[in-house]
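Engineer: Starting off with a structure, shown below.
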Amino acid sequence: MTTGGVQTPPAFDEWCIVELLGHRRLAGRVREVQLAGAGFLRLDIPATDGHGEQTQYISPSSVYAMHPTTEEIATAAAANFRPQPVSRWELEAKHAAVVDRSADPDDDVDDGGPW
């Protein structure tokens, strides 16, 4: 591609198997994009086995390896590498301990006074 007489390389746009640090593997169509002024890889994971299409933006510094491949191979790999959907962390609410003071004759609670 030539812009104003200067040759610029085309942006990356390939079907790939992507290995991320942390030992995650994903597959789909990878493209270079700018997001908030920084370069990212946009990974479009194709729909497979009842799962809808997903898009993830990946920092290039977290990529261990990328293996360009065909659309068919990337789609088959995507079915095996399907990432878990993002979900809200749910923490079980702590239940307050209920103390039955009426069973303890030595407790200091005065149940009959105005104070």
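We did not get these values from a lab; they are worked out from the coordinates using the rules stated. Values in this document were obtained by computation on a predicted structure and should not be read as measured data. Quick reminder, even Gly has a Cβ in these numbers, built from the backbone with ideal geometry, and neighbours come from all protein chains shown.
Engineer: Residue by residue, what Karplus-based ³J(HN,Hα) values in Hz, rounded to whole numbers, does region 8-13 have, using 6.51, -1.76 and 1.60 with θ = phi - 60° and x for Gly and Pro?
Structural biologist: 10, x, x, 5, 5, 7
Engineer: Continuing with this model, one more query. Please report Rg (one decimal) and Dmax (integer) in Å for the Cα set of region 27-84.
Structural biologist: For region 27-84, the Cα radius of gyration and maximum Cα-Cα distance read 11.8, 35 Å.
Engineer: Taking the simple approach of a point 7 Å from Cα along Cα-to-Cβ for both ARG82 and GLN34, what is their distance in nm?
Structural biologist: 3.7 nm
Engineer: Extending each Cα 7 Å along its Cβ direction at ASP13 and ILE73, get the distance between those two points in nm, one decimal.
Structural biologist: Computed distance between label sites ASP13 and ILE73 equals 2.1 nm.
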